[in-house]
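Shown next, in structure tokens, is the structure this report addresses.
The values are calculated or read from the model by the stated rules, or taken from the named source; none is laboratory data. Only a predicted model underlies this, so the values are computations on that prediction, with no experimental measurement involved. As a convention, Cβ positions derive from the backbone with ideal geometry for all residues, glycine included, and neighbour counts pool all protein chains shown.
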Amino acid sequence: MRDAQLDRTAGNRRVVMPAPESFVYLEIAEAVRRAIVSGEIKAGDRLSPVREMAKRWRCTPNTVSRAYALLAREGLISSHRGGGTRVIFGSPGGAGPESLGWQWASLVNRAEQYLLEAISLGQTPAHAESALAAAISRWDELQGRPGHVLSDVAVSPVAGQLIFAGSHDLSVELLCRLLSEAEPPVRVAADFVGSLGGLIALARGEADFSGSHLWDQATEEYNVPFVQRILPNRRVILLNLVQRVIGLMVPAGNPLGMHAIADMAKQGVVLVNRQPGSGTRVWLDVQLKAAGINPSSVAGYEREESTHLAVSRAVAEGEATVGLGIGAAAAAYGLDFVSLGQERYDLVIPEENWGTPEIEALRGVVGSPKFKDAVLAMGGYDVSQTGTVQVVS
């Protein structure tokens, strides 16, 4: 049997920039994993002694020991007195369970490295989790799944499952992911059909709960008047999810000098809009009327998208010069954001669903410090009212 010789070249990937000492052990572990999957080292091969590996990687022996300990916990290597450290994981490149185990171990390692890098930059685990949630949402958007199912759920009343229909928000996607990690887990099927579409789905019995941020100009109130009109003679609970900042999403540097709704009448402005029935579209129409602007005179008014991320992507790719949305969506695509005000986003829950175990779990997540910290980390949100309840009858 031979000793495996590993240095800073892992496969065809050479580490060019020196990593902080706290991250080197992750690089060493990854180099071993890559050597295993490539067949460079096999089950039974002996890894270099700790001190020799430390010289090769220009780090402390403790760093190598830390890497070896990580690989041992993953079941890839084993150390024995007098026998050195040997590879015990066979055929990682195959299609069996061992391959899946190696892939999972590698993925966890990469996730840990991402977390450590975020913390080294002064961020918190909540910031890291929020960034990952935004990245997953952006990936879904790029794959053309704007109204996607967040979890695999049958559309029927099944224990441990909920159906959501309503307005899109990144905090809703975060909520669904945290529910899937609860004990016991609650899977959520989400369809982003806009605030009005969500209330109509509740009225038809097609959803367990909805999400709404509909502004009523006559009463100057969010959601309540619309719930009373669309769900008459029913008791409904509004559970506040977030207060969020709404504003203009514009290219970096704000080249057209967009600062207010009235600026949509400027020469060269091209809007990307939200779909009819969405709270954002309702709010925009009210503001255009107040500014004396005919919607048909706004270039791009007829271009519609179903999520905030789709709107921000259209601006980022130069298909439009402005969109109305939330700050977190603008940040996800590196856009500038011009705040126009704050709006209320509520979860709308029929009273008959309020006491179910699934809604109880939902209420627990919404009120948890973990959820609130992760929402705040995305930016553009206020959680001072999160978890408060209002009964509408």
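Annotations for the structure displayed:
- Hey, Gly300 buried (at least 17 other Cβ atoms within 10 Å of the Cβ) and assigned to a loop (DSSP other than H, G, I, E, B) or not: yes
- Cβ-Cβ distances below 9 Å connect the following pairs, each with a first residue in the range 363-387 that is assigned by TED's automatic domain parsing to the domain that holds Tyr345, a second residue that is of a type in the set (A, V, I, L, M, F, W, C) and part of a loop (DSSP other than H, G, I, E, B), and a separation of six or more residues or different chains: Gly364/Ala182; Val365/Ala182; Val365/Val186; Phe371/Val383; Lys372/Val383; Asp373/Val383; Val375/Val383; Leu376/Val383.
- Hey, Ala190 at pLDDT 75 or above, of a type in the set (Gly, Ala, Ser), at negative phi and not in a helix (DSSP H, G or I) or not: yes
- Options Ala203, Ala182, Ala207: the member that is in the same structural domain as Ala377 (by TED's automatic domain parsing), surrounded by fewer than 19 Cβ atoms within 10 Å (Cβ to Cβ) and more than 30 Å from Ala290 (Cβ to Cβ): Ala182
- The condition (being at pLDDT below 80 and not acidic (Asp, Glu)) is satisfied by just one residue among Arg46, Arg58, Arg8: Arg8.
- Matching entry among Asp346, Asp373, Asp382, Asp336 (being at pLDDT 95 or above, surrounded by 14 or more Cβ atoms within 10 Å (Cβ to Cβ) and of a type in the set (D, E, K, R)): Asp346
- Subset tally (residues that are of a type in the set (Lys, Arg) and over 15 Å from Ile326 (Cα atoms)) for the range 263-286: 1
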